[in-house]
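As structure tokens, the structure follows; a few thoughts come after it.
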Amino acid sequence: MVKKMKGLKMGKFSLIIVFALLMSVQIARSMGVSQPIPHDLKLLRGDSAEFYFQISVVTATSKQVCSYSITGLEPLVITFDEEKEVTIEAGKTKDVYGTISVPEDAPIQGYHGNVNLNCKPYAPETGSVLHKSFSNSWDVSVVEKEEERAVREIPEKTTPIPAFGIPLSIIIIIVIILVIGVYYWHSRKKE
């Protein structure tokens, strides 16, 4: 009888721990724009470099239409590989690629710009549409000497691999529940 009481107390305690774990698990999600990569470019006059940044709509509940721009880097010339507006499925991330070019007459100095992002639902429901705006800084320098130049290659454009649908934390919790269930099933079977 004492063993049975201890088993029941242990079972209740285990369930409380499992529920506490379920309540405390937070999946990190985001919505916004990353800093362009490579950051802190140092280019010569007449030079150019490729860059990319990511638009993330992981926390969105519906498909988003996002427009983007880069401001504050004039007279540097920014061109994008795609249009300046993309449609992104909810829960996904989109890489945006472009090229930054330095005119021959650009002043030798540091430039501080911003990547600006404005997103709205693709097919808005009735009522007002909530626009979400994000920004991230980007520093670019025009330098005089070749040895001051700093440009890193960006990763090749790849097709994203589909993510596993169930977060790892949920799988761990399910395994813990199964282990506890099997333990109690065996302990009751012995009695």
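Computed values, structure above
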read-out	value
Flag if Glu74 is at pLDDT below 90 and acidic (Asp, Glu)	no
Qualifying residue in region 100-114 (condition: assigned to a strand (DSSP E or B), in contact with a strand residue (DSSP E or B) (Cβ under 7 Å, 6 or more places away or on another chain) and in contact (Cβ under 8 Å) with a residue 60 or more places away in the chain)	no
Residue, surrounded by the fewest Cβ atoms within 10 Å (Cβ to Cβ), within region 37-56, restricted to residues that are part of a loop (DSSP other than H, G, I, E, B) and at pLDDT below 90	Asp40
Verdict on Lys84 being surrounded by fewer than 17 Cβ atoms within 10 Å (Cβ to Cβ) and not aromatic (Phe, Trp, Tyr)	yes
Selection status of Thr59, loosely packed, with under 12 Cβ neighbours inside 10 Å and of a type in the set (Ser, Thr, Tyr)	no
Evaluation of Glu147 against (1) at pLDDT 90 or above; (2) surrounded by 11 or more Cβ atoms within 10 Å (Cβ to Cβ); (3) not in a loop (DSSP other than H, G, I, E, B) (one fails), failing number	(2)
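The values are calculated or read from the model by the stated rules, or taken from the named source; none is laboratory data. Computed from a prediction, not measured in an experiment: that's the story for all the values here. Methodologically, a virtual Cβ is constructed for each residue, glycine included, from the backbone with ideal geometry; neighbour enumeration extends over all protein chains shown.
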